[in-house]
Amino acid sequence: MGLFRKGRGTNPNRVGSFSDKQLAAAARQFGLVAAEGIDGGAAMAPDPRFEEVRSAVLAGNWRAGAAYLEEAGRDWAERHRRCGALAAQAVADDGWLLAWRTARREDPGAALVNARSLVDLAWEVRGGGLAGATTQEQFAGFHRVLAQAREAFAAAQEWAGDDPCPFIAELPLAMGLGYDHETFAALWAEVERRDPHHVGAHHAALQYWCAKWRGSHEAAEEFGRAAAAKGAAGQLLSTIVLDAYFEYEITDETLNPGTYYQQPHIVAATDAALADVAAAHAKDPHDRRLPPARHMLGHFLYWQNRYEEALEQFRPVDGYAGTTPWSYYGDPAQRYARVRDYCAAQVLHRNPAAR
C-alpha cells in the first residue's frame, strides 16, 4: 500500500565506513547475493504453488483460485496470506474473480478476495506519494474505492463465521477512511475474538495506532508492548513492538539511530524477538511469517553494532528486500545491500577467518 512506502530522511548512518569494493568483497566472501541481483519488490522467494494458481486464473480458471484459498483451511495466517496474493492478482486482472463471484454468489472466499482487492486498488489509485504530492483527483478516487470496499467487507463479514480474515483485511481500510478509536476498537474486538494471536493482524493494527495515522508514538508503543506480553514463544508477537520503535525513529529525524536503538529497553525487546524468531524457526523453518521478522531484526541489530547476529538474520532471507524497513527507502534493494554488506565487512574486520 503506497503510503507505507514513505520517503526516508537523512539520519546519520555508517554504511560509508567501508569502500564499495570492500563491501562487495565481504558479500562475496559470505556467499551473499550480489547487490544487483536483490529483488526489492518481494519480501521472500515466490510461492511455487501460487505461481501455478496465477497461471491458471489468468487462463480463466477461477476454480484454481478458489481451491488455493480453501486449501488453507483454518490456518488463518495462511488464509490471510493467500487471500492477499489473490487480491493483488485481481487488481491486475479481475475477470476470473468476477466469474467466481457470479458462479458462487454467496461464497465467503470470493467475497473476501473481492473486498481486499478493492483496498489494494484504492491504494493503487492514490499512489505512493505523501499527501502533499497527491492530487485531489487521486484522493477522490482513493476515497471512492474505499467506500466501495467498506460495503464489500460488510458482505464478506456477514458470511465469515469464525474466520477472522475479513476483519483483519479491513484494518488498512480503517486507516484510509479514518475510523475513530471506538469504531476501530469494535473492529479489533472481532479480530481478537476469532484469532487473538494473529501476527499479521497485529502488524496492521500497529500502523493504525502510529502517529502518522490515527494514534501517537505512545499509543503505538503501548499496543506493541501489550502484543509482546501476550505472545507465546514462536508466535512472533514480540516483533510488534519493534515496529513501534522503528516507526518512531523514522518519523523523528532529530533522533540518532546509533544511540536510539541502543537504549536498554529496545535492546531487551530485540533480544526477546530473537528468541521468538528462533522458536518459530524451530517449529517450521519455512514459516512465511519469518522473512519480514528477520529483516526488521537485522535492522535493529545493525544499529546495535551486533553485526554477526544481524548477518545471521539476513542470510536466510538474502536476495529479497521488499519489506520493512527497506521499503521505507527509495531503493529498498540498495539500502538492504548496503546494511547487509556493512555487517559482513564488520564481521570480517573483527575476525578475518569468519565465513
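Quick notes
- Taking first residues from the stretch 225-239 that are in contact (Cβ under 8 Å) with a residue 24 or more places away in the chain and closer than 8 Å to Asp276 by Cα and partners that are of a type outside the set (A, V, I, L, M, F, W, C) and open to solvent by 50 Å² or more (accessible area, probe 1.4 Å), the Cβ contacts under 6 Å between residues at least 6 apart in sequence or on separate chains come to Gly234/Lys283; Gln235/His197; Leu236/Arg289.
- Matching residues, the stretch 53-62, being open to solvent by 40 Å² or more (accessible area, probe 1.4 Å) and touching a residue at least 24 places away in the same chain (Cβ under 8 Å): Arg54, Leu58, Gly60, Asn61
- Within the stretch 164-193, the set of residues being in contact with a helix residue (DSSP H, G or I) (Cβ under 7 Å, 6 or more places away or on another chain), assigned to a helix (DSSP H, G or I) and over 20 Å from Lys212 (Cβ atoms) comprises Cys165, Pro166, Phe167, Ile168, Glu190, Val191.
- Flag for Pro164 being in contact (Cβ under 8 Å) with a residue 24 or more places away in the chain, in contact with a Phe, Trp or Tyr (Cβ under 6 Å, 6 or more places away or on another chain) and either open to solvent by less than 30 Å² (accessible area, probe 1.4 Å) or aliphatic (A, V, I, L, M) (or both): yes
- Checklist (1) under 30 Å from Asp180 (Cα atoms); (2) in contact (Cβ under 8 Å) with a residue 24 or more places away in the chain; (3) of a type in the set (A, V, I, L, M) applied to Leu290, failing item: (1)
- If you check Pro332, Pro316 for being of a type outside the set (Val, Ile, Thr), surrounded by fewer than 16 Cβ atoms within 10 Å (Cβ to Cβ), touching a helix residue (DSSP H, G or I) at 6+ places or on another chain (Cβ under 8 Å) and at negative phi, only one passes: Pro316.
- Gln313 being farther than 21 Å from His203 by Cβ, in contact (Cβ under 8 Å) with a residue 12 or more places away in the chain and of a type in the set (S, T, N, Q): no
- Listing of helices (runs of 4 or more DSSP H) fully contained in the stretch 236-355 that carry 3 or more residues being among the hydrophobic types (A, V, I, L, M, F, W, C): 239-251, 264-283, 290-303, 307-314, 332-350
- Any hit, the stretch 65-79, residues being open to solvent by less than 20 Å² (accessible area, probe 1.4 Å), without any contact (Cβ under 8 Å) to a residue 60 or more places away in the chain and outside any helix (DSSP H, G or I): yes
- Conditions (1) at pLDDT below 95; (2) crowded, with 16+ Cβ neighbours inside 10 Å: number failed by Glu137: (2)
- Residues (in contact with a helix residue (DSSP H, G or I) (Cβ under 8 Å, 6 or more places away or on another chain) and aliphatic (A, V, I, L, M)) located in the stretch 335-355: Ala337, Val339, Ala344, Ala345, Val347, Leu348, Ala354
- Count - residues of the stretch 191-208 that are among the charged types (D, E, K, R) and either closer than 16 Å to Ala228 by Cα or surrounded by 21 or more Cβ atoms within 10 Å (Cβ to Cβ) (or both): 2
- Residue check for Ala354: of a type outside the set (Ser, Thr, Tyr) and in contact (Cβ under 8 Å) with a residue 24 or more places away in the chain: yes
- Scoring Phe50 on the criteria (1) under 18 Å from Ala90 (Cβ atoms); (2) more than 20 Å from the chain's Cα centre (by Cα); (3) surrounded by 15 or more Cβ atoms within 10 Å (Cβ to Cβ) leaves a single failure, condition (2).
- When the stretch 209-255 is filtered for residues that are more than 22 Å from Trp303 (Cα to Cα), buried (at least 22 other Cβ atoms within 10 Å of the Cβ) and among the aliphatic types (A, V, I, L, M), only Ala227 remains.
The values are calculated or read from the model by the stated rules, or taken from the named source; none is laboratory data. The structure presented is a predicted model; accordingly, all values stated were derived computationally and were not measured. With ideal geometry, Cβ positions are generated from the backbone for all residues, glycine too; neighbour counts draw on all protein chains shown. When the accessible area is computed, the model is the full protein with side chains, heavy atoms only, and any ligands, DNA or RNA have been set aside. Shrake-Rupley method; radii C 1.70, N 1.55, O 1.52, S 1.80 Å.
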